[in-house]
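Report on one structure; see the data block that follows.
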Amino acid sequence: MKYIVLLFFFGFLLNVSAQVSTAQLSFKDPKADLKRAFEVQQSFVKESIKEIGGFKGGAVSAGAKKYFGVENPMAAVLPKSGWLTVEKPLELDFFKSRLMELELGFIFADNIKTTVKDIESLKKKVKSTVPVVELPVKNIDVKGKLQFIDFIAANVGAYQYIVGKPFPKDMDVDSVKMHLLENGKSITAASGVVADGGQWKNLLFQVNHAIAQGYEIKAGHLIITGSLGKVLPAKKAVYKAVYEGQQTIEFSFK
């Protein structure tokens with residue numbers, strides 16, 4: 001199935017501004033650690049996000065974690081205003097700082113207020129799995145080499161995300177293959193298993209991390225685990241995110 005999303009020039013429709021840069025934490029405060037980065041992120045979320053739509057991961061592959069020298073992926077908060085459906089044309093701004101990522105998402109059926117003990121318990125709380133094209137932004141005022149904590153403090157560039165139709169209930173999310181076409185040419189390809197440890201392990205981490213940060217997972221919230229292919233700059237072009245054997249999300253920037 002194909003769903004059309006047209007991206008035009010009305011960025012003011014969203015509550016979160018993509019044009020505002022945040023200070024690079026590691027440059028501003030060389031002594032800052034991961035705890036401090038999440039404190040800065042929480043302040044950013046309170047000031048910038050009127051309603052939470054869910055949560056997101058980042059640096060989810062084994063290679064990305066090795067590069068940053070960390071054991072766990074990034075974690076951030078998604079604005080509800082950034083949730084884009086593929087049912088009708090959408091009018092959105094184009095700007096050079098916009099990025100594109102192929103991801104998988106999980107929509108929750110139940111509220112979660114306490115730590116989830118294991119994957120089997122977690123699966124019972126998920127309503128559906130969905131394809132997601134995340135459209136984050138480069139929102140850091142870069143002064144030096146970017147560190148892991150810099151992305152955390154800047155809420156990992158969370159901005160907009162295109163959510164497709166639910167996958168079949170019995171879908172093995174780790175086996176899902178996907179690729180992104182730009183004007184008909186493939187520019188990145190990936191699969192669900194790129195997430196180190198698998199999708200469900202990463203989802204469990206994101207749920208329990210959000211709870212530890214004082215958030216609540218609400219029914220209808222979405223969690224995306226992180227980019228599974230290359231993080232690519234958007235261009236004024238036509239794109240097709242192909243989730244093989246399932247659906248294609250078509251969108252364009254003009």
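Placing unit charges on each Cβ (+1 for Lys and Arg, -1 for Asp and Glu) gives segment 2-253 a dipole about its Cα centre, and among N72, G245, P168 the Cα reaching farthest toward its positive end belongs to N72.
Multiply the residue separation of T248 and V126 by 0.36 nm, subtract the distance between their alpha-carbon atoms, and state the gained length in nm to one decimal. Mind showing how you got there, number by number?
Values: separation 122, 0.36 × 122 = 43.92 nm, distance 2.27 nm.
In short, 41.6 nm is gained.
Sorting 31-41, 240-250 by average packing, meaning the other beta carbons within 10 Å per residue, from highest down gives 240-250, 31-41. Summing Cβ point charges (Lys, Arg +1; Asp, Glu -1) relative to the Cα centre of the chain gives a dipole of roughly 280 debye.
When the Gaussian network model of the chain links Cα atoms closer than 10 Å, the mean-square fluctuations of Y67, Y239, Y159 top out at Y67.
Quick one: compute the contact order of segment 148-226, relative version, from alpha carbon pairs under 8 angstrom and 6+ residues apart, as a percent. Before the final figure, lay out the partial values.
Details: 52 pairs, mean separation 14.2, N = 79.
Averaging sequence separation for qualifying contacts and normalising by length gives 18 percent for segment 148-226.
Stretched out straight at 0.36 nm per residue, the stretch from K230 to R36 would grow longer than its current Cα-Cα span by 67.0 nm. Compared with the alpha-carbon gap, the fully stretched path from E182 to E51 is longer by 44.0 nm at 0.36 nm per residue. In terms of distances greater than 18 angstrom between alpha carbons, the cross-link table entries K165/K230; K96/K236; K123/K169; K50/K80; K66/K96 yield K165/K230; K66/K96.
Just so you know, the Cα atoms of segment 100-254 work out to an Rg and Dmax of 16.0, 47 Å. Once the other residues with Cβ under 15 Å from the Cβ of Q213 are scored (Lys, Arg +1; Asp, Glu -1), what is the net sum? Every neighbour counted, the sum reads +4. Taking K and R as +1 and D and E as -1, what net charge do the other residues with C-beta under 10 Å from the C-beta of Q246 add up to? Around Q246, the surrounding residues sum to +1.
Where does the charge balance sit around T114 when Lys and Arg score +1, Asp and Glu -1, over other residues with C-beta under 13 Å from its C-beta? It works out to a net charge of +1.
Every number in this text was worked out from the coordinates using simple rules, so none of it is lab data. Since the model is a prediction, treat every value here as computed from it, not as a measurement. Here Cβ is always computed from backbone atoms with ideal geometry, including for glycine, and neighbour counts include all displayed protein chains.
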